[in-house]
Amino acid sequence: MQPTKVYDEVIEFLASSSPPNVIAFRPSEEAKARVADLIFREKSKGLSEDEKSELDHYLQIEHLMRLAKAALTTIWQMARSISRTKWCPRRDSNARPSA
């Protein structure tokens with residue numbers, strides 16, 4: 001899987017998803033297997049420059065998704081909290097009570 005394809009996959013997902021779907025996102029099995037393979041080979045025998053670049057791209061995407069999920073979780077929780085409260089407008093302090 002090429003980094004450009006991964007970026008496209010993530011961008012398409014973010015652009016077309018609701019906050020709960022973004023929060024629940026998990027990478028495909030193919031992407032997880034590729035990252036695991038790159039990490040294993042990096043530790044055991046090293047990576048080519050292209051593979052190192054690919055791994056760096058995956059790690060950047062993972063960081064981006066963690067930030068997006070954290071922000072959306074906070075926003076989603078705030079929105080849910082607000083929707084559960086009853087809004088009561090302030091009374092005008094100059095208004096006179098009706099007789």
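Computed from label points 7 Å out along Cα-Cβ, the spacing between Glu51 and His63 is 2.3 nm. The distance between label points at Asp8 and Phe25 comes to 1.6 nm (points 7 Å beyond Cα on the Cα→Cβ vector). For segment 3-83, the relative contact order works out to 46 percent when only alpha carbon pairs closer than 8 Å and six or more residues apart are counted.
Readers should treat all values here as calculations from the given coordinates under stated rules, not as data from a laboratory. The model shown is predicted, which means the values in this text are computed figures rather than measured ones. Note that we place each Cβ from the backbone using ideal geometry, even for glycine, and neighbour counts take in every protein chain shown.
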